[in-house]
1. Given +1 on the Cβ of Lys and Arg, -1 on the Cβ of Asp and Glu, and no further charges, what dipole in debye does the chain carry about its Cα centre, rounded to the nearest 20?
2. How many percent of all Cα-Cα pairs in the chain sit more than 26 Å apart?
3. Could you grab the Rg to Rh ratio for the stretch 12-57? Cα atoms only, Kirkwood for Rh.
4. Which residue, chosen from ILE33, TRP67, SER16, occupies the Cα position most advanced towards the positive end of the dipole of the stretch 1-106, where the dipole is computed from +1 (Lys, Arg) and -1 (Asp, Glu) charges on Cβ about the Cα centre?
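Read-outs: derived from the displayed coordinates by stated rules, not from any lab. Computed from a predicted model, the values in this text were never measured in an experiment. Ideal geometry is used to build each Cβ from the backbone, glycine not excepted, and the neighbour counts take in all protein chains shown.
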Amino acid sequence: MKNKTTAKYKIVPEVSGNRYYFFCDISGALVCITKPYKAKSPEKELLLAWEFEGKEHFNKCHKCGNWVTNVMYNADVLECVNCAPWEAKPNFCKFCGEAVTGDEDICLSCGQHLRYQGSDLSA
Ligand SMILES: [Zn+2]
Ligand SMILES: [Zn+2]
């Protein structure tokens, strides 16, 4: 749907230019504070701050276009956790194929983690 160029941000003006505060689109967490930038237009300035400093801290959801931090990103499918929540409870271990019958987080057979990291997010 939406194709956002940058994550949520706030501008904090300083004598030498504008600092940009970039926030995770989902959690709202402050992710990055840039050094002051000065450009001819606000659009250009935002892009400068984003390209040079902000972008590297974010992942773009390929579905909804939100920019999110690593913890809010399901890297297996390149989507944010809103679009692709971590598996609630797998039926089979994806590493060894063992059936998962209980509520365990770790495969009783091979010891691998059954869920994506951060699956306790909803707790
Ligand atoms: Zn998404
Ligand atoms: Zn296993």
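1. 760
2. So the portion of pairs separated by more than 26 Å is 38 percent.
3. In the stretch 12-57, Rg relative to Rh is 0.98.
4. Positive-end residue among those listed: SER16.
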